[in-house]
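The structure's right below; bear with me while I get my questions together.
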Ligand SMILES: [Zn+2]
């Protein structure tokens, strides 16, 4: 079964463990009926029927998402905007947040994301199960945005919406790729102009928007805490586009292996395991990976969170196998059999091969073998030693 299929079925099983009865809606004198059959009905409308359909939904949704990414502000600028705690944007406030990297986006009809709307949730036009974003307005459910850019977003008031939140959390923990969306805020620029000019000014700039990507960081059991809020954290455009690359790299059925031409012999020898394992060259590769946002394919923690000595070169086909099967012997240390990993993920493998999930991560353009890095970035790696 593919990972995507497993995820769909896993979520269905968990969500159907719900107790029959009702759940309270936050801040409201309102209850939502919960029962297996109610949940089942909603699941049928948010979960794609097959893993192939799921993959298509992911691809189309994130293709749209990527488009809006270019209009995003930095997390620190978004925080500045949040901390204004006012819908009215004075010119000096606008100056302040723009100088911190905020982008003020005028109203764009039909975009959903850059349109004034009192509803909090922005549905994905590509796929019902996904949200494109959430709107924050001052005085909402939870007004606190901490220094790490984390905040709590209010739960929806219907069962379908609640299940969607839990689905995002489940995707995050099962696929080990955080679900991302946008948080948007709107501001009224009218206050800063003289009333007598108002009619002459373009209406698109009456309301302006500041958006930033966020990732899901909470994890609730769908059957137990169906009505829990969603915890989110602001992220950079770079992190969001890395995450999208990972989502797009999930294939629905099987791993599609990229064709890799053999490395030039001199290059293969120069970057073989013996030459990189504890040398200036190896150090240069590790530093390069840290500067270029690469992550451990095992635990997905950024390499720049590790000390250099905690990074090591792992073998796809293990050294022990190379020793045991002599025909592998002259290829076992080839850069295409090597990948950068953190020490603890590497020692967890012992003398065995990476599992299917890890293999597909290593082979994906997002991670890559050492051979892939040399093919694509030889000059910038060489510049480091
Ligand atoms: Zn690791």
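Readers should treat all values here as calculations from the given coordinates under stated rules, not as data from a laboratory. As the structure is a computational prediction, the values presented were derived from the model and not from experiment. Cβ sites come from the backbone with ideal geometry, for glycine too, and all protein chains shown count toward neighbours.
I'd like the distance separating the alpha-carbon centroids of segment 337-362 and segment 280-334, in whole Å.
9
Take the alpha carbon atoms of segment 1-61, find their radius of gyration, then divide it by 2.2 N^0.38 Å using N residues; give the quotient.
That ratio works out to 1.37.
Quick one: check the C-alpha center-to-center distance for segment 36-91 versus segment 221-246, whole angstrom.
For segment 36-91 versus segment 221-246, the Cα centre distance is 9 Å.
Could you list 162, 118 in order of exposure, starting from the residue whose Cβ has the fewest other Cβ atoms within 10 Å?
118, 162
Another question about this same structure. Using only Cα atoms, tell me the angle between helix 36-46 and the longest principal axis of the chain; keep it within 0 to 90° and round to the nearest 10.
80
DSSP beta bridges in the chain, what fraction antiparallel, as a percent rounded to 5?
90
Can you give the FRET efficiency for residue 221 and residue 109, using 1/(1 + (r/R0)^6), R0 = 35 Å, r = Cβ-Cβ distance, to the nearest 0.05?
The value I calculate is 0.30.
Take segment 86-175, compute every pairwise Cα distance, and split them into 10 Å bins from 0; I just need the percent in each bin.
For segment 86-175, the binned pair fractions read 13, 37, 37, 13, 1 percent.
Can you compute the FRET efficiency between residue 22 and residue 88 using 1/(1 + (r/R0)^6), with r the Cβ-Cβ distance and R0 = 56 Å? Round to the nearest 0.05.
About 0.90, to the nearest 0.05.
Could you give me D for segment 69-127, from Stokes-Einstein at 25 °C and 0.890 mPa s, where the hydrodynamic radius is the Kirkwood radius over C-alpha pairs? Units µm² s⁻¹, please.
191
How would the chain be classified by its alpha-carbon gyration tensor: rounded, prolate or oblate, with rounded meaning a/c under 1.5 and the a/b versus b/c comparison settling the rest?
Oblate.
Taking the Cα of residue 146, stepping 7 Å toward and past its beta carbon, and measuring to each backbone N in segment 204-221: which are under 16 Å?
215-219
Take residue 35 and residue 320, extend 7 Å from each Cα along the Cα→Cβ direction, and tell me the distance between the two endpoints in nm.
Distance between label points: 5.5 nm.
Please arrange 42, 67 by how many other C-beta atoms lie within 10 Å of their C-beta, fewest to most.
67, 42
With angles folded into 0 to 90 degrees, how steeply does helix 370-382 sit against the dominant principal axis of the chain? Use alpha carbons for both and round to 10.
80
Could you list 333, 367, 70 in order of exposure, starting from the residue whose Cβ has the fewest other Cβ atoms within 10 Å?
In order of increasing Cβ crowding within 10 Å: 70, 333, 367.
Could you work out how far helix 237-249 tilts from the main Cα principal axis of the chain, as a 0 to 90 degree angle to the nearest 10?
For helix 237-249, the angle is close to 60 degrees.
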